[in-house]
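The structure appears right after this line, and notes come after that.
The values are calculated or read from the model by the stated rules, or taken from the named source; none is laboratory data. Computed from a prediction, not measured in an experiment: that's the story for all the values here. With ideal geometry, Cβ positions are generated from the backbone for all residues, glycine too; neighbour counts draw on all protein chains shown. Protein only, heavy atoms only, side chains kept; ligands, DNA and RNA dropped before computing areas. Shrake-Rupley method; radii C 1.70, N 1.55, O 1.52, S 1.80 Å.
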Amino acid sequence: MMSARIGVFGAALSALFVYGCSTSPAINALQQAQGVSATVPMSAMPAKVDNFMLVDAQKLEAHELYRLADARAIVLVSTGVGCPIARAMTPALKALHDKYAAQGVEMMLVDSNLQDSREAIAAEAKEFGIDIPILMDSNQLVGEALGVTRTAEVFVINPKTWTVAYHGPVNDASDYGVQKGVSHEFASDALSAVLAGKPAMAATQASKGCLVDFPERAKAHAQITYVKDVAPILEAKCVACHEEGGIGPFAMKDYATVKGFSPMIREVIRTDRMPPYNADPHVGKFSDDKNLSAAEIKTLVHWVESGALRGEGKDPLGVKHLVAADWPLGKPDEILNVPAYTIPASGVVDYQHPFVANPQTEGKWLRASTVKVESRQGVHHVLTGYMTEVPKPGQQAFENKWGVSVGGYAVGAESEIAPKNVGTWIPPGGAIGFQTHYTPFGKEVTDHTQIALYFYKDNQKPDLVMHNSVIVNQTIVIPPNDPHHQETGYITFPHEALLYSAFPHAHYRGAMSDLWIRYPDGREKLLLSLPRYDFSWQRDYTFAEPVKVPAGSKLIAHFIYDNSKRNPSNPDPSKKVVWGDQSWEEMFYTAVRYRWVDETSKHMVNYDEELNNDRVMGMLDANIDGKLEKTELKGQLGEQMLKFFDVLDANHDGFIDNNELAAMQKMMGGQHKRREAAASDAKPAAPGGSPTAGK
């Protein structure tokens, strides 16, 4: 029997080899090898299509179904790598897409095959010229819920009701590859009906696609229980935030509470809002990875879908009274009190720049820090920097006077912990400057943020030195109503370094972000991908192994901004958006932590100044060729440079190179210092900004 099956499957492979993937003999042979007729009924459709978020394998961008609520219709098509039926269907799908795209119809392919990697999906799309998004349903939750049985199944969804208006093949072609003998354009007819507000006719045949294996579909998920399966996952991955006094909106304190929130738990997992760790699991490995595993995701979702059963035994969470610790890293060696600030109930609050005198009379090596904000709703971020001198009375702690950071906070961030044997040197005396961003939220409150510092003991001096810098682009210009605007920025490392972590930051219109390294020989590697950037949850992403950055390498960041009405956080899609401090403006900011390879605590170097010399070029050089042309000059800085382009272009070759840019920066630097000195003397002190504040 087994040899007979192998013989049939071998015949199918021979047919594929002889006739090619788009021929009827190949398709028929494959179907015979599977032992299933093309007319076998497909799985039942769901009463309603629930929301989900999946990532496009080609562009690594997130697609959330319910953000397409303004579409007139949505088409989802099951697909798979190597399936000849799916490949042969490509021309028909492209024709369908092209016919209806201008009429407000969205189309996406969904790959639920467990064996299909991101790289394989992207390669197949490139080979067959598929530019329609192919979403990776790696956990099969979307395919299961839709009732997918085979590839080449078309689902036409009515976003007014989120119901499936049509489920079946794209047409009744006997051979997708040849595209002859089509008498019924099922999917096209269904779309025309939905657009006209009429019911769609049902298909008279099932899909001819390749079977998709859903191993969990046949299992009895009622065997999954809270006591045995779910509570251990929650305790390991969720309770640290969802405990009394924690950052989570509710405490997972017992079965009754968890069951009550179970529909929400299913939703936030399917839309990848929880856990709030946005690094794509298909790209890189991270030591602080908070993502659920594929098995944990399926266990939690299937538990909810099967009735959220309790199971026998004591409640694993109910028997414990978990309360968030004041300081999760233990008793601090020093606590800095950020000068108190009263956040008004409404209005706009400018960035504040208070400071406190450094309480340490001896230099210390910092190994970790935790920022504890009192008003989580009102504090957007807190940045810090060591200053060698205490500002004079009436002055503020502006960033241009800062050195190393002693910690930072943005919405959702956690503690900063240096790797073993790596530290940040904090000299004695001086001051710690702060940049604090407060956002009114309808209630006047006074915030008392604190920062806990943890030092290496005197006999545990680290050998290696941590640094921090930022890839920034202050020249961003985001057009109105643009759902997919990209900006680029980079920094060039003048010496060999090791990269430890990255912290992307944008505002409400930030949609996705990534970080690449370009080596001196031109090779590029993707280090970090956030398919969906979430303004509400910002954090460091720490690489499992430090990334080697050879001298001359560039770290390149991209941000995609969604300035359209489909972005639910967008304050006003009709506005052109530029760089600005406030959340309704925008930023392009990726902080990085690194160390210089040839630096030790006994042999300190000063390479950061060289690194920063390339910053302006990295902001404006959109095509990353090391020189600026007129079309790249935008934003306030770019517009000023454009006025004097012919003067700046000293060799008159039509570009501004690094040498010409350095001459401009030297001239502007002198002017900036004179203006800064005058402005600093005229600035009023921030609340609580005296040298003794916080003592």
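Any residue that is open to solvent by 30 Å² or more (accessible area, probe 1.4 Å), small (Gly, Ala, Ser), free of Cβ contacts under 8 Å to residues at least 12 places away in the same chain and more than 13 Å from Val81 (Cα to Cα) - is there at least one of those in the stretch 211-218? Yes: one or more hits.
Residues that are in contact with a helix residue (DSSP H, G or I) (Cβ under 8 Å, 6 or more places away or on another chain) and open to solvent by 20 Å² or more (accessible area, probe 1.4 Å) within the stretch 234-260 comprise Lys237, His242, Phe250, Ala251, Tyr255, Lys259, listed in sequence order.
From Lys420, Lys457, which residue is of a type in the set (Lys, Arg) and over 26 Å from Val549 (Cβ atoms)?
Values: Lys420 fails: over 26 Å from Val549 (Cβ atoms).
Sole residue among the options that is of a type in the set (Lys, Arg) and over 26 Å from Val549 (Cβ atoms): Lys457.
The set of residues in the stretch 566-607 being farther than 30 Å from Arg523 by Cβ and loosely packed, with under 14 Cβ neighbours inside 10 Å consists of Pro568, Asp572, Ser574, Lys576, Gly580, Lys602, His603, Met604. Within the stretch 501-538, the residues that satisfy the criterion of being within 28 Å of Ser569 (Cα to Cα) and among the aliphatic types (A, V, I, L, M) are Ala502, Ala506, Ala511, Met512, Leu515, Leu526, Leu527, Leu528, Leu530. Taken over the stretch 257-279, residues that are free of Cβ contacts under 8 Å to residues at least 24 places away in the same chain, more than 16 Å from Asn139 (Cα to Cα) and in a helix (DSSP H, G or I) amount to 3. Listed by position, the strands (runs of 3 or more DSSP E) contained in the stretch 23-103 that have at least 3 residues being in contact with a helix residue (DSSP H, G or I) (Cβ under 9 Å, 6 or more places away or on another chain) and modelled with pLDDT of 95 or more are 53-56, 73-79.
On the stretch given as the stretch 335-369, residues that are open to solvent by 50 Å² or more (accessible area, probe 1.4 Å) and either outside any loop (DSSP other than H, G, I, E, B) or among the charged types (D, E, K, R) (or both) total 6. Identify the residue in the stretch 214-235 that is hydrophobic (A, V, I, L, M, F, W, C) and at pLDDT 95 or above and, among all such residues, is farthest from the chain's Cα centre (by Cα). Among those residues, the one meeting the criterion is Val227. I'm trying to understand the selection: among the residues of the stretch 608-648, which are in a helix (DSSP H, G or I), of a type outside the set (A, V, I, L, M) and open to solvent by 50 Å² or more (accessible area, probe 1.4 Å)? Selection gives Glu609, Glu610, Asn612, Lys630, Thr631, Gln636, Glu639, Gln640, Lys643, Asp646.
Applying the condition of being touching a residue at least 60 places away in the same chain (Cβ under 8 Å) and among the polar types (S, T, N, Q) to the stretch 95-116 and asking which residue is farthest from Glu153 (Cα to Cα) yields Gln103.
Considering only residues of the stretch 581-604 that are at pLDDT 95 or above and part of a loop (DSSP other than H, G, I, E, B), which is nearest to Pro550 (Cα to Cα)? The selected residue is Val597.
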